[in-house]
1. Give the residue, chosen from Val5, Val63, Val12, that is closer than 18 Å to Ala107 by Cα and out of contact with any Ser or Thr (no Cβ under 6 Å at 6 or more places or on another chain).
2. Return the only residue of Pro41, Pro31 being without any contact (Cβ under 8 Å) to a residue 12 or more places away in the chain, part of a loop (DSSP other than H, G, I, E, B) and open to solvent by 20 Å² or more (accessible area, probe 1.4 Å).
3. Looking at Ala74, is it open to solvent by 60 Å² or more (accessible area, probe 1.4 Å) and part of a helix (DSSP H, G or I)?
Amino acid sequence: QVQLVESGGGMVQTGGSLRLSCAASRRLFGPNSMGWYRQVPGKQRELVATITGGGSTNYADSVKGRFTISRDNAKNTVYLQMNSLKFEDTAVYYCNGKEIGRDYWGAGTQVTVSS
């Protein structure tokens, strides 16, 4: 069992920045990744960014150049630095952790970008 707790969401104006944090209750076992997904009402949850234990990253095209994912393995924590925020980034952001055969999810944190 792994619990994931997100923090750092809030309301910002277009062009502003936020940094999300996700703390895991323990290290993930074996090959693993952590990441961020987002969802708006009526739409499918979509990938934002992922990072492996070794530091390899993957980003959705819509956030490349604006968002940066990182992790501090000593703290079991993953971050998402969001810059140049757009109205279209408004969503509930969910932290995700993957082990072989296992998926873990946080409860989500709201990000609202005003136009």
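The values are calculated or read from the model by the stated rules, or taken from the named source; none is laboratory data. Since we're looking at a predicted model, the values are computed, not measured. Reconstructed Cβ throughout: ideal geometry from the backbone, glycine too, with neighbour counts over all protein chains shown. We work out accessible area using only protein heavy atoms, side chains counted, and drop any ligands, DNA or RNA first. Shrake-Rupley method; radii C 1.70, N 1.55, O 1.52, S 1.80 Å.
1. Val5
2. Checking each option against the conditions leaves just Pro41.
3. Yes; evaluated as a whole, the condition is true for this residue.
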